[in-house]
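The values are calculated or read from the model by the stated rules, or taken from the named source; none is laboratory data. None of the values given here were measured: they were computed from a predicted structure. Cβ placement follows ideal geometry from the backbone for every residue including glycine, while neighbour counts extend to all protein chains displayed.
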């Protein structure tokens, strides 16, 4: 465990779930393919306010990394900067051999990175299945593989299959979160970024989300999970970054951080 450390992707740690080598058929049908997300000295400013200050970390193929911190710590700004949704004021972000600064935001998905935004952002006036199909915008809807991926998403979230014709706005919060994750998986990403997927959900639904994340880990999908729910993060990921005031305060394996006295007091209330 490192205070102010930067190299989560280089730690051996407790990663049995991060080394899944199978191809997987449930959620994504993907396996580690050699791309590493490398974040170096990333900074984000909103006017004169620094939201993210020179943070660095990596997510290796098949690895799962969590970012925890209080409101305003810079977690969401970090994900948005990775996706090109807010401008970076400094640093570099590379995925494999690609400098993401040279990739338009709408094309990041085509590079193999999926994104589940905070607040779900489903299309309430469209049926569930059309919401899912919109996630495949980077592929042809007529491609047989797209229909195959849709069935895999339905296997992962059976309730969405049952409600495929229902308007997304009529779903519960938990069902909308499942829809948002399923929509991101329709692009068959190799790396999935999730922003506060447990927000506003009951403890039972948080457990359901955890089960999905663990299944995706087993299938070899790389995960970068931003959460205020430290307990969920430690259970869902192998490595973790603690952000405070826009900076990396600590890094380590999730098991190490879960046992840290300061982390237990501040983030677990123990």
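Within region 160-177, is even one residue within 17 Å of residue 1 (Cα to Cα), touching a strand residue (DSSP E or B) at 6+ places or on another chain (Cβ under 9 Å), touching a residue at least 40 places away in the same chain (Cβ under 8 Å) and in a helix (DSSP H, G or I)? Working first, answer last.
Restricting attention to region 160-177, the residues satisfying the condition of being within 17 Å of residue 1 (Cα to Cα) are none.
There is no residue in region 160-177 that is within 17 Å of residue 1 (Cα to Cα), touching a strand residue (DSSP E or B) at 6+ places or on another chain (Cβ under 9 Å), touching a residue at least 40 places away in the same chain (Cβ under 8 Å) and in a helix (DSSP H, G or I).
May I ask you to say which residue of 41, 10 is at pLDDT 90 or above and more than 18 Å from residue 194 (Cβ to Cβ)? Break it down stepwise before answering.
Details: 10 fails: at pLDDT 90 or above.
Going through 41, 10 in turn, the sole match is 41.
Annotation: residue 151 fulfils all but one of (1) surrounded by fewer than 16 Cβ atoms within 10 Å (Cβ to Cβ); (2) in contact (Cβ under 8 Å) with a residue 24 or more places away in the chain; (3) in contact with a helix residue (DSSP H, G or I) (Cβ under 9 Å, 6 or more places away or on another chain); (4) on the phi < 0 side of the Ramachandran plot; the unmet one is (2).
Taking the listed residues 94, 53, the one that is touching a residue at least 60 places away in the same chain (Cβ under 8 Å) and either part of a strand (DSSP E or B) or crowded, with 23+ Cβ neighbours inside 10 Å (or both) is 53, with no other qualifying.
Go through 226, 242, 263, 248 for me and flag whichever is buried (at least 20 other Cβ atoms within 10 Å of the Cβ) and over 19 Å from the mean Cα position of the chain (by Cα).
Numbers: 226 fails: over 19 Å from the mean Cα position of the chain (by Cα); 242 fails: over 19 Å from the mean Cα position of the chain (by Cα); 248 fails: over 19 Å from the mean Cα position of the chain (by Cα).
From the options 226, 242, 263, 248, the qualifying one is 263.
With respect to the conditions (1) touching a residue at least 24 places away in the same chain (Cβ under 8 Å); (2) within 21 Å of the chain's Cα centre (by Cα), residue 129 falls short on a single one, namely (2). Filtered by the rule that a residue be more than 19 Å from the chain's Cα centre (by Cα) and assigned to a strand (DSSP E or B), region 99-124 gives a lone residue, 99. Taking residues in region 61-83 that are within 14 Å of residue 228 (Cβ to Cβ), and partners anywhere that are in a loop (DSSP other than H, G, I, E, B), the pairs with Cβ atoms closer than 6 Å and at least 6 places apart or on different chains are 66/237; 74/246; 75/69; 76/118. A single member of 222, 254, 198 is modelled with pLDDT under 95 and in contact with a strand residue (DSSP E or B) (Cβ under 7 Å, 6 or more places away or on another chain), and it is 198.
For region 66-91, the tally of residues that are in contact with a helix residue (DSSP H, G or I) (Cβ under 9 Å, 6 or more places away or on another chain) and assigned to a helix (DSSP H, G or I) stands at 1. Residue 201 passes every criterion in (1) in a helix (DSSP H, G or I); (2) free of Cβ contacts under 8 Å to residues at least 60 places away in the same chain apart from (1). Return the residues of region 246-259 that are within 25 Å of residue 41 (Cβ to Cβ) and either outside any strand (DSSP E or B) or without any contact (Cβ under 8 Å) to a residue 24 or more places away in the chain (or both); say none if nothing qualifies. If the condition is that a residue be within 25 Å of residue 41 (Cβ to Cβ) and either outside any strand (DSSP E or B) or without any contact (Cβ under 8 Å) to a residue 24 or more places away in the chain (or both), then 246, 254, 256, 257 are the ones that fit. In region 105-119 there is no residue that is surrounded by fewer than 16 Cβ atoms within 10 Å (Cβ to Cβ), more than 23 Å from residue 213 (Cα to Cα) and in contact with a helix residue (DSSP H, G or I) (Cβ under 9 Å, 6 or more places away or on another chain).
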